[in-house]
1. For the range 122-169 and the range 45-80, what is the separation of their C-alpha centers, rounded to whole Å?
2. Quick one: P(r) of the range 206-261 from all Cα-Cα pairs, 10 Å bins, percents rounded to integers, in order of increasing distance.
3. Normalised by the number of residues in the range 111-240, what is the relative contact order in percent for Cα pairs under 8 Å and 6+ residues apart?
4. Work out the FRET efficiency for residue 122 and residue 45 from their Cβ-Cβ distance, taking R0 = 41 Å, and round it to the nearest 0.05.
5. Under the rule of -39500 (n - 2.57) per DSSP H run of 4 or more residues, summed and divided by the residues of the chain, what mean residue ellipticity at 222 nm is obtained, to the nearest 500 deg cm²/dmol?
6. Mind checking the full-extension length gain between residue 5 and residue 59? Use 0.36 nm per residue of separation minus the Cα-Cα distance, one decimal, nm.
7. Could you estimate the translational diffusion coefficient of the range 3-99 from the Stokes-Einstein equation, with Rh from the Kirkwood formula over C-alpha pairs, at 4 °C and 1.567 mPa s, in whole µm²/s?
8. Just check the range 104-259 against the gyration tensor rule for me: Cα atoms, a ≥ b ≥ c as the square roots of the eigenvalues, rounded for a/c under 1.5, and otherwise prolate or oblate depending on whether a/b exceeds b/c.
């Protein structure tokens, strides 16, 4: 049986289109290759990737924008063993192309999030298919009427369960520094580039959970959520649930970037 099914022995990427073009494809492939290298899966042949993906988009008759899901596992091996297979296996590659679900309301009105202890493993920089902790905490968020769970470890904010987390204070943007405890999101990278272009200062430093009330704006980022404002954390309604100006400016810059992509 496939080791991706048995052990979640694999990695994945989610890529979207803007104007029917794959957005930041090189960044996504770079991250995918890094994840593969970190778990020692030898697969570097992506020469036909674009052709396959655009073929899927056409075959599936996607009218607007597409969401591409890519998963690569170590492949099938017998007998079942936690160790790597003794003999070389062929990677299992799965690619899907579906209509991208758009929830513009959340980007305009903002979302509620909950805080939760980060119970994931210590290699969150690898985009692993082993997502059960994220599944469980997302269910908790849903049951609390929230869209996302913001995770903290040893009193420090790491990231969302499937997003990167940003905070704003005195027109300065804060986000956790890159480490093994967070994923380097592609949209996170874009936001940092936009802030640099806009002369908005960014500090990549840890945000203390107990000091969140010192900040006046928050937002989360991901491939599908883009830049989504956070207007409520647990029971705290931030600025009366009003969107902040820095977040709005970043949203506008991001929209301009993707509109001309």
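Just so you know, all these numbers are worked out from the coordinates, no wet-lab data involved. These figures come from a predicted structure and were not determined experimentally. Neighbour counts run over all protein chains shown; Cβ positions are idealised from the backbone, glycine included.
1. Computed from Cα coordinates, the inter-centre distance equals 26 Å.
2. 21, 47, 25, 6, 0
3. Computed over the range 111-240, the figure is 28 percent.
4. 0.85
5. -8500 deg cm²/dmol
6. Taking residue 5 through residue 59 to full extension adds about 16.8 nm, to one decimal.
7. 90
8. rounded
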